[in-house]
Amino acid sequence: MTMRTTVDDGAGRNTLTMLGNFAAFQVGWFAAVLSATARAPWLGVLVMAAVILLHLRSVDRPLPELVLVALCGAIGCVWDSLLVMSGWVAYPSGMLLPGFAPYWIVAMWMLFATTLNQSLGWLKSRRLLAVALGAAGGPLSYYAGAKLGGIALLAPGPAMLALAVGWGILMPSLLTIAARYDGVTIEADAEHGWVLD
């Protein structure tokens, strides 16, 4: 049995679905970081791929969600590659090309996309809060990843500042993109021309 959320805003969103989405993201995040630490990042990618596929299967319209997942992966690849090229951040495993983000962190960005219209969807109408949570939560996530050994903050001060500023911009931007590519809420169908069931 698949639970589907089809409400017009975050206020009436099914709490169980939101909690499940949040928990699934956490499982994927820990799998990614811990497998990268163990020099087997492909294991985390498999877990994240399973979570993403389950998400796509559980939403009313998987196509816009799939586009969102792909866009977040591309944005994340650019952002994390800039961090690597700056010399502020390094990854111990999963680097396919020197100077570019590892494949597992790109997959984590794709995993993060699955939260934007569900467990983080309530932030869409709260832009200032999205900026604040991005500026705080982004650096904390990277810091936690560093503590677990999945990432190295080579220049912690500049890295944390860049992460705070970057995520303060990225979070509301990603939520704006998510509003455009929303496969969860009915109102998104009418506004953006997605086919209704």
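The values are calculated or read from the model by the stated rules, or taken from the named source; none is laboratory data. Since the structure is predicted, the reported quantities are computational estimates derived from the model, not experimental observations. Methodologically, a virtual Cβ is constructed for each residue, glycine included, from the backbone with ideal geometry; neighbour enumeration extends over all protein chains shown.
Listed conditions (1) closer than 21 Å to MET18 by Cα; (2) modelled with pLDDT of 95 or more; (3) in a loop (DSSP other than H, G, I, E, B) are all met by GLN118, apart from (2).
Restricting the first member to region 168-190 and to residues that are more than 10 Å from LEU116 (Cα to Cα) and at pLDDT below 95, and the second to residues that are in a helix (DSSP H, G or I) and among the charged types (D, E, K, R), the beta-carbon pairs closer than 7 Å and six or more apart or on different chains are GLY183/GLU65. Set side by side, the residues LEU120, LEU111, LEU68 differ, and just one is in contact with a Lys or Arg (Cβ under 9 Å, 6 or more places away or on another chain) and buried (at least 21 other Cβ atoms within 10 Å of the Cβ), which is LEU68.
Does GLY183 satisfy the condition of being buried (at least 20 other Cβ atoms within 10 Å of the Cβ), of a type outside the set (Ser, Thr, Tyr) and over 22 Å from LEU82 (Cα atoms)? Here the answer is yes, as GLY183 does meet what is asked. Does any residue of region 47-70 turn out to be out of contact with any His (no Cβ under 6 Å at 6 or more places or on another chain) and under 20 Å from PRO158 (Cα atoms)? Looking for residues that are out of contact with any His (no Cβ under 6 Å at 6 or more places or on another chain) and under 20 Å from PRO158 (Cα atoms), one finds none in region 47-70, hence no.
The set of residues in region 127-164 that are basic (Lys, Arg) and either in contact with a helix residue (DSSP H, G or I) (Cβ under 9 Å, 6 or more places away or on another chain) or surrounded by 17 or more Cβ atoms within 10 Å (Cβ to Cβ) (or both) contains only ARG127.
Yes/no matrix, rows are residues, columns are (1) more than 14 Å from the chain's Cα centre (by Cα); (2) not in a loop (DSSP other than H, G, I, E, B):
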| position | (1), (2) |
| --- | --- |
| GLY20 | yes, yes |
| ALA24 | no, yes |
| ALA36 | yes, yes |
| ARG39 | yes, no |
| MET48 | no, yes |
| HIS55 | no, yes |
| CYS77 | no, yes |
| LEU83 | yes, yes |
| PRO92 | yes, no |
